[in-house]
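Below you'll find the structure, written out as structure tokens, and then a few comments.
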Amino acid sequence: MTRIRVPGDKSISHRALMLAALGRGTSRVRGILQSADIEATARVLRALGATIPPLDASELVIEGVGLRGLQPPSVPLDCANSGTTARLVAGIVAGAGFDAEFVGDASLSRRPMGRVAAPLRAMGIEVTRPEHGGLPMRLHRGSVQGVTWRPAVASAQVKSAVLLAGLVGNVPVEVQEPVPTRDHTERMLQARGVDLRVEGDTVSLLPAARLDAADVDVPGDPSSAAFIAGLAALGALRREVRIENVDVNPWRVGGFRALRRMGALLRYEDEALQGGEPVATVVCGPGALQGISIAPEEVPSLIDELPLLAVVAARAAGETRVTGAAELRVKESDRIAAVVSGLRAVGVYAEELPDGFVVRGSDRPLTGRVVTHGDHRIAMAFGVLGAVPGNAITVDDPSCCAVSWPSFWDDLQRLTHD
Ligand code: S3P
């Protein structure tokens, strides 16, 4: 039995920094993800006047500036590759009423920002951005008013932006989600004393005089753990693996459920609650894999895991079909196109759908070179497929894993050669 811990959860790490910066008093954050995306959030918060220490400590001690204590930035806010940074901080900046410009790398600059600009405009903030819809985006000085927002797409980033705009701007907000999405922002705000209620598909936040400081132990990222679970499911480890202290929030673990449905061994042990988030040891091993259908309503709970599920499908009997996942086209790359062309490049039958893909599994040896488009999850998914005995797969840009898991290739090597 092999044991491993995966890096801290990316979604929770972003939020832990933001909420510590906005809190009153001292927050301690342990086990934060040390990666390029979280560095982007730290940099942007520092540009807004927060004191965020270097991230390379096992415990970060953050003195919050309070809900009204941020400063207007004197430089553009560089979000690099991180959509979560750009969209959530846009909510914070709108609430603070600052003039600020958001910039990012080429990939982030192409990603849709209209979904966050629209609710912020409805709250009374002027937002200007390029015609193609991405970055640079400028928020103009103003003051927010309350809103009831019904996002057209299911997005935890958009929901969180509206909640943070209401929190910092001291106005009531309500978000009615088309399909439920990850609820880390809600859990973390409630734990910090905010009057936030969830009823059915509606999240409402009432103005708060202050945000309490809180300590966070960041659990392992289920989206990173999914790569290890996939590796075990594909039989690349020859034995069971125990992935310790993984976040198993129900809105995050659709990928684990899908692997189990495909026939992989996957079970939780040592289940516990850690700072309001359910965590567990995820035990995984190989099984007789079969293709499955993934339905639109499951998609938000496994959106980041779809590249990994696609490579597992390449080794499963029969066909795997994913629909209702058009959002994949606007992630760090067009993940429908990247997954399908990557699979074809190594000899797998795969087909694009407008909102998903079809993969036909086989047990032929798979060889070839995959173009990642600088997308960390594409690189790691094909890294996993390449680690299956008999396959020989290279990726054009292994270093893009730094966005969410800088030591991925070393960890993969260690696990598969143990
Ligand atoms: C995230 C939400 C999801 C997810 C992303 C992280 C978050 O994006 O894909 O990796 O931390 O809120 P959307 O809100 O665009 O669905």
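The values are calculated or read from the model by the stated rules, or taken from the named source; none is laboratory data. Source: prediction; values computed, not measured. Please note: Cβ atoms are built from the backbone with ideal geometry, for glycine as well, and neighbour counts cover all protein chains shown. Protein only, heavy atoms only, side chains kept; ligands, DNA and RNA dropped before computing areas. Shrake-Rupley method; radii C 1.70, N 1.55, O 1.52, S 1.80 Å.
Determine the relative contact order of the chain: mean sequence separation of Cα pairs under 8 Å and six or more apart, normalised by residue count, in whole percent.
Value for the chain: 14 percent.
Antiparallel as a % of all DSSP beta bridges within the chain, to the nearest 5? Please list the in-between numbers first.
Working: 41 of 60 bridges.
That works out to approximately 70 percent antiparallel.
Given the whole protein assembly as supplied and a 1.4 Å probe, what does the accessible area of Arg315 come to in Å², nearest 10?
For Arg315, the solvent-accessible surface is approximately 50 Å².
So if I restrict to the alpha-carbon atoms in the chain, what is the Rg, and what is Dmax, the biggest pairwise distance, in Å?
According to the Cα coordinates of the chain, Rg and Dmax are 20.7, 62 Å.
Run the numbers on the stretch 223-416 and let me know its relative contact order in percent, using alpha-carbon pairs under 8 Å that are six or more apart.
19
List every residue whose amide H lies under 5 Å from the amide H of Val370, counting only residues 5 or more places away in sequence or on a different chain, with H placed 1.01 Å from N in the peptide plane.
Under 5 Å from the amide H of Val370: Thr394, Val395, Asp396.
Is the stretch 1-125 rounded, prolate or oblate when judged by the Cα gyration tensor, a ≥ b ≥ c being the square roots of its eigenvalues, rounded requiring a/c under 1.5 and prolate requiring a/b larger than b/c?
oblate
For Val61 and Ala209 in the same chain, what is the full-extension length gain: residue separation times 0.36 nm, less their Cα-Cα distance, in nm?
Length gained between Val61 and Ala209: 51.0 nm.
Of Ala387, Gly361, Pro250, whose Cα points farthest to the positive end of the dipole of the chain (charges on the beta-carbon: +1 Lys, Arg; -1 Asp, Glu; origin at the Cα centre)?
The Cα lying farthest towards the positive end belongs to Gly361.
Could you please state, rounded to a whole Å, how far the C-alpha centre of the stretch 118-164 is from the C-alpha centre of the stretch 275-292?
The two parts, judged by their Cα centres, are 36 Å apart.
Measure off, as a whole percent, the carbon and sulfur share of the 1.4 Å-probe accessible area of the chain, all protein chains present.
Reported share for carbon and sulfur atoms: 50 percent.
How far is helix 36-47 tilted, in degrees, relative to the longest principal axis of the Cα atoms in the chain, given as a value from 0 to 90 rounded to the nearest 10?
The answer is roughly 10 degrees.
Quick query: amide H of Gln274 versus all other amide H atoms, modeled in the peptide plane; which residues come in under 5 Å with a sequence gap of 5 or more or a different chain?
Hits under the 5 Å cutoff: Val279.
For the stretch 144-281, report the accessible area per residue in Å² (1.4 Å probe, heavy atoms, rounded to an integer).
On a per-residue basis, the stretch 144-281 sits at 35 Å².
Which residue, Ala161, Ser407, Ala57, has the largest displacement toward the positive end of the dipole of the chain when charges sit on each Cβ (Lys, Arg +1; Asp, Glu -1)?
Towards the positive end, the residue furthest out is Ala161.
What list of ³J(HN,Hα) values in whole Hz, one per residue of the stretch 110-115 in order, does the Karplus curve 6.51 cos²θ - 1.76 cosθ + 1.60 (θ = phi - 60°) give from phi, with Gly and Pro shown as x?
8, 7, x, 10, x, 5
Find the centroid of the Cα atoms in the stretch 1-42 and in the stretch 231-253, then give the distance between the two in whole Å.
21
For a quick protection proxy, order the peptides 186-199, 152-165 by their average other-Cβ count within 10 Å, most packed first. Before the final figure, lay out the partial values.
Details: 186-199: 17.4, 152-165: 24.0.
So the order, starting with the most tightly packed, is 152-165, 186-199.
Taking the Cα centre of the chain as origin, sum charge times position over the Cβ atoms of Lys and Arg (+1) and Asp and Glu (-1), and report the length of that vector in debye to the nearest 20. Display every interim value, and only then the final one.
Details: 44 positive and 48 negative charges, 46 e Å.
For this selection, approximately 220 debye.
Based on Cα coordinates alone, diagonalise the gyration tensor for the stretch 223-416, multiply each eigenvalue by 5, take square roots, and list the semi-axes in whole Å, largest first. List each step's numbers first, then the result.
Details: eigenvalues 104, 69, 58 Å².
Ellipsoid semi-axes (Å, largest first): 23, 19, 17.
Of the options Leu17, Pro307, Ser82, report the single residue whose Cα projects farthest towards the positive end of the charge dipole of the chain (beta-carbon charges: Lys, Arg +1; Asp, Glu -1).
Checking the options against the dipole of the chain, the answer is Pro307.
Cα atoms only: what Rg and Dmax, in Å, come out for the stretch 352-412?
Considering the stretch 352-412 through its Cα atoms, Rg and Dmax are 12.5, 35 Å.
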